[in-house]
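All remarks here apply to the structure that follows.
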Amino acid sequence: MARKSGGGDAGSDTRSIDRNALGIGIATGAYALSFGAISVASGLSVLQTQTLSLFMFTGASQFAFVGVIGAGGGAIIAIVTAMLLGARNSLYALSLGPVLTPKRKIIPVTALLTIDESTAMALRYDQSKKESRRAFFATGLSVYVFWNIGTLFGSLGASALSDPGILGLDAAIPAGFLALLWPRLTGGSRGDNQKMWALAITSAAVAMVLIPFLRPGLPVLFSALVAVVASLMWGKTSRPIEGA
Amino acid sequence: MWASILIASFGTYAEKLLGYLLPHHMLERESIRRMTSLLPVSLLAALVAVQTFAVDQALAIDARLLGLGVAVVALLLRAPFLVVIIAAAASTAIVRYLGWLP
């Protein structure tokens, strides 16, 4: 969706921001249903699952955390994997700081709401500080509300089942990760996409080769080294990063 | 379990907070930015592979792979998140119910 070129009245722009924010919230809320179900199927309680959605509030990290726990990888590996996936939020916050210029006392809330969706919306409207703030908070709050409602219904639903495995929830986990990965493989220029595919396939292959030799969870952490190598290799050729 | 949930939640929240509180030059280095943007691709791809093929520390091909294939088709058709996941879970459940794949 392209940003409206100037001239439109502020009211209609605000409405379109709110409408987009609501749509994004509903879509991610639907996704949260599956997170809630998978989390319970991985052995977390309804309350533990909700705690993740309330306070961690970053989808990929939450999925990874319960995925590692469910696979028997243990607490430390689950924490490290979640934090590695969450590291991008630091960069989002860094890019958003100058755009949103949050007052000191609302920084804690701004930080909580800093996720893929709210960042993308804020940066889409970064021509105007007011619109950008509106886009960030409308999207962040909308996703926060629907994400938590979705989580609750998903976890309650799954905990009512005697055997969640029978619904194919174990296959929903890789599908969920793939759905998170997909935009990163298809969203860039042709050349960027090819690099991302190469990185993804290499990382997947490295993790698979290591499965028999390492305890569950560790193969995924080792795959992070592929990203480190790739970023060193591609250091000279990468395009300048926007934002900053 | 509770301890690890709280530590992980605190840790990921601190990451978000850090971006607002730390002086800019600390995170602004090009190499750090690049690495942080590539990390999710590696980790998510590895998670897809492991969650599809691993049974504890062994590799197996079972109904999950079919579910993943269905998810790929759904993504190529630009289906929304929930449809992708339900399609994967439902197809897996059906072939198991029919006894075609474990």
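Values in this text are rule-based calculations from the coordinates and carry no lab data. Bear in mind that the values here come from a model prediction, so they are computed numbers and not experimental data. Here the Cβ is made from the backbone with ideal geometry for all residues, glycine too, and neighbour counts use every protein chain on show.
Only helices reaching 27 angstrom along their own axis (Cα) with mean Kyte-Doolittle hydropathy no lower than 0.0 count here, and for the DSSP H runs of chain B these are B:2-21, B:30-53.
By how many degrees, between 0 and 90 and to the nearest 10, does the Cα long axis of helix A:10-41 differ from the longest principal axis of chain A? For A:10-41 against chain A, the angle is about 10 degrees. Compared with the dominant principal axis of the Cα atoms in chain A, helix A:190-210 is inclined by about 20°. For chain A, a crude dipole built from +1 on the beta carbon of Lys and Arg and -1 on the beta carbon of Asp and Glu, taken about the Cα centre, is about 800 debye to the nearest 20. How far is helix A:218-233 tilted off the main Cα axis of chain A, in degrees rounded to 10, range 0 to 90? So the inclination is approximately 50 degrees. Ignoring aspartates and glutamates fewer than eight residues from residue A:105 along the same chain, none have Cα atoms less than 15 angstrom from its Cα.
Along the charge dipole of chain A, Cβ charges K/R +1 and D/E -1, which of A:208, A:95, A:232 sits furthest on the positive end? So the residue we want is A:95. The charge dipole of chain B, taken about the Cα centre with unit charges on the Cβ atoms of Lys, Arg (+1) and Asp, Glu (-1), comes to about 180 debye, rounded to the nearest 20. Selection among A:157, B:100, B:32 by position relative to the dipole of the protein assembly as shown gives B:32 as farthest towards the positive end (Cβ unit charges, Cα centre). The Cα center of region A:55-87 and the Cα center of region B:51-79 differ in position by 20 Å. Anisotropy class assigned to region A:1-155 is prolate, per the alpha carbon gyration tensor with a/c at or over the 1.5 cut-off and a/b larger than b/c. Each Cα pair under 8 Å and six or more residues apart adds its separation to the average, and for chain A the resulting relative contact order is 29 percent. Residue B:37 sits among other residues whose Cβ lies under 10 Å from its own Cβ, and their net charge, with Lys and Arg +1 and Asp and Glu -1, is +4. Under the rule a/c < 1.5 gives rounded, and otherwise a/b versus b/c splits prolate from oblate, where does chain B land using the Cα gyration tensor? Note, shape of chain B comes out prolate. Classification of region A:128-180 by its C-alpha gyration tensor yields an oblate form. The axis ratio a/c (a ≥ b ≥ c) is 1.5 or more, and b/c is at least a/b.
Computed about its Cα centre, the charge dipole of region A:78-185 is approximately 760 debye, with only Lys, Arg, Asp and Glu carrying charge at their Cβ.
Calculated on C-alpha atoms, the gyration radius of the protein assembly as shown divided by its Kirkwood radius gives an Rg/Rh of 0.96.
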